[in-house]
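Notes to accompany the following structure.
The values are calculated or read from the model by the stated rules, or taken from the named source; none is laboratory data. Keep in mind that what you see is a predicted model, and the values were worked out from it rather than measured. Here the Cβ is made from the backbone with ideal geometry for all residues, glycine too, and neighbour counts use every protein chain on show.
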Amino acid sequence: MEGTEALRRINGRGRSTPHLSLGFDSHLFSIDTSRSPNASLQPDAYLITHAHSDHHGKSAMLSPFAIASAETARALEIRYGRKYKGQTFDVGDNIQIKNVKVQTFPTGHTIGSSAFYWETELGVRVLITGDVKDYCALPRCDLLVMEANYGDPWDPSCCFEDDLASFFEATESGASFGAYVFGKAQRAVGLIRAMGYKGIIGMDTQSLALTRELMQNSAPLAEVGDANTNVVSPWNLGRIPGSNKFVLTGREDMPYPAIKLSDHLDFRGLMRMVEHTSPHEILIYHPEGKRASLLANYLRQCGMEANSLSEIRGFIL
């Protein structure tokens, strides 16, 4: 895209660091990257879209140049026991980074997850999505930097609907659910409350701390004990008595029955997001590897200009 360059950082071992940076005008914004050593070129901002570990906020949160929503910053502090040192905002706010006005938009992926949008001096509209469950609030753009967690058009498992009926049926029977501590666990609690369950929900320590801190109207909650309904990390399901257990996932390699409940768009949803945002150019930045490359190739076959992270040829030290 004219005047905007995607760059990878090279670490001291000669390897690419996670995700990417965008250079434009006289600015450099790093996107879901790990923090650069103090002796290296520092960006104007480390944009943290949400608090999942594969988006590297654990490292970037230690920089005064970190930018994250207030919920994302607090989730990082709870998850990693470190003080967030950057700037925070409320999702939907406009923020100022140097002389760049950056707009933020909800993506529905986790509590506090945010997309970032700005316009360069040449008029290029840049949109960074992070991971997305709901694209409806996202604006049109010229350059779309997007995820591809379910971006393989040739993998049938990348096309799905959330199985809410099975989830509600299991909840009514007093089930225990395995769910990742941030994102999926809070979504599960919200759905359980939405279906009218008012009893105690048992949770393991970190899931409980995150849910209490970041969710309103989620009580009563308690440490796992005598509750009939539990939401715990998948690896803690074995510690809960009884056999009525499920994992909330799209994976098929779990030791318990799975209920499809995803915090991502499926492949069809990703295509609808592309149509909704109407970009001239697309960069698939997450996850690195086969799935991003397959999606970029598919988009090119559809006549769009698209590249994946592995195709970036610009580097900085």
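Name the strands (runs of 3 or more DSSP E) wholly inside the range 225-317 in which the number of residues that are surrounded by 20 or more Cβ atoms within 10 Å (Cβ to Cβ) is 2 or more.
Values: elements: 229-232, 245-248, 281-286, 305-308, 314-316.
In the range 225-317, 229-232, 245-248, 281-286, 305-308 are the strands (runs of 3 or more DSSP E) which contain 2 or more residues that are surrounded by 20 or more Cβ atoms within 10 Å (Cβ to Cβ).
Consider residue 237 carefully, then state whether it is within 22 Å of residue 206 (Cβ to Cβ) and touching a Ser or Thr at 6+ places or on another chain (Cβ under 8 Å).
On the way: within 22 Å of residue 206 (Cβ to Cβ): yes; touching a Ser or Thr at 6+ places or on another chain (Cβ under 8 Å): yes.
When the stated conditions are applied, residue 237 passes them.
Please verify whether the range 41-50 includes one or more residues that are in the same structural domain as residue 104 (by TED's automatic domain parsing) and surrounded by fewer than 17 Cβ atoms within 10 Å (Cβ to Cβ). Full working, then the answer.
So in the range 41-50, the residues in the same structural domain as residue 104 (by TED's automatic domain parsing) come out as 41-50.
The next check asks that each one be surrounded by fewer than 17 Cβ atoms within 10 Å (Cβ to Cβ); those that pass are 41-42.
Yes; the residues of the range 41-50 include at least one that is in the same structural domain as residue 104 (by TED's automatic domain parsing) and surrounded by fewer than 17 Cβ atoms within 10 Å (Cβ to Cβ).
Can you tell me which residue is nearest to residue 251 (Cα to Cα) among those in the range 179-198 that are in contact with a strand residue (DSSP E or B) (Cβ under 7 Å, 6 or more places away or on another chain) and in a loop (DSSP other than H, G, I, E, B)? Steps first, answer last, please.
Kept after step one, since they are in contact with a strand residue (DSSP E or B) (Cβ under 7 Å, 6 or more places away or on another chain), are these residues of the range 179-198: 179, 184-185, 188-189, 192, 197.
Retained after the next criterion (residues that are in a loop (DSSP other than H, G, I, E, B)): 179, 197.
Working: 179: 12, 197: 27 Å.
Of everything passing the filter in the range 179-198, 179 is nearest to residue 251 (Cα to Cα).
Taking the criterion of being within 30 Å of residue 301 (Cα to Cα), in contact with a Leu (Cβ under 9 Å, 6 or more places away or on another chain) and of a type in the set (A, V, I, L, M), would at least one residue in the range 165-182 satisfy it? Before you say what the answer is, go through the steps one by one.
Within the range 165-182, the subset within 30 Å of residue 301 (Cα to Cα) is none.
No, the range 165-182 contains no residue that is within 30 Å of residue 301 (Cα to Cα), in contact with a Leu (Cβ under 9 Å, 6 or more places away or on another chain) and of a type in the set (A, V, I, L, M).
Among the strands (runs of 3 or more DSSP E) confined wholly to the range 86-141, which include 1 or more residues that are touching a Gly at 6+ places or on another chain (Cβ under 8 Å) and within 24 Å of residue 56 (Cβ to Cβ)? Before the answer, list the steps.
Working: elements: 87-89, 94-97, 100-106, 114-119, 125-128.
Fully inside the range 86-141 and qualifying: 100-106, 114-119.
How many residues are outside any strand (DSSP E or B), among the aliphatic types (A, V, I, L, M) and either farther than 17 Å from residue 314 by Cα or out of contact with any strand residue (DSSP E or B) (no Cβ under 9 Å at 6 or more places or on another chain) (or both) if we restrict to the range 16-66? Talk me through it step by step, then tell me what you get.
Of the residues in the range 16-66, the ones outside any strand (DSSP E or B) are 17-19, 25-26, 32-44, 48-65.
Add one more test, that the residue is among the aliphatic types (A, V, I, L, M), and what stays is 39, 41, 48, 51, 60-62.
Okay, now just the ones that are also either farther than 17 Å from residue 314 by Cα or out of contact with any strand residue (DSSP E or B) (no Cβ under 9 Å at 6 or more places or on another chain) (or both), so 39, 48, 51, 60-62.
Qualifying residue count, the range 16-66: 6.
Checking the condition buried (at least 17 other Cβ atoms within 10 Å of the Cβ) and not hydroxyl-bearing (Ser, Thr, Tyr), which residue from 77, 121, 147, 161 passes? Walk me through how you get there before you give the answer.
On the way: 77 fails: buried (at least 17 other Cβ atoms within 10 Å of the Cβ); 121 fails: buried (at least 17 other Cβ atoms within 10 Å of the Cβ); 161 fails: buried (at least 17 other Cβ atoms within 10 Å of the Cβ).
Testing whether each residue is buried (at least 17 other Cβ atoms within 10 Å of the Cβ) and not hydroxyl-bearing (Ser, Thr, Tyr) leaves just 147.
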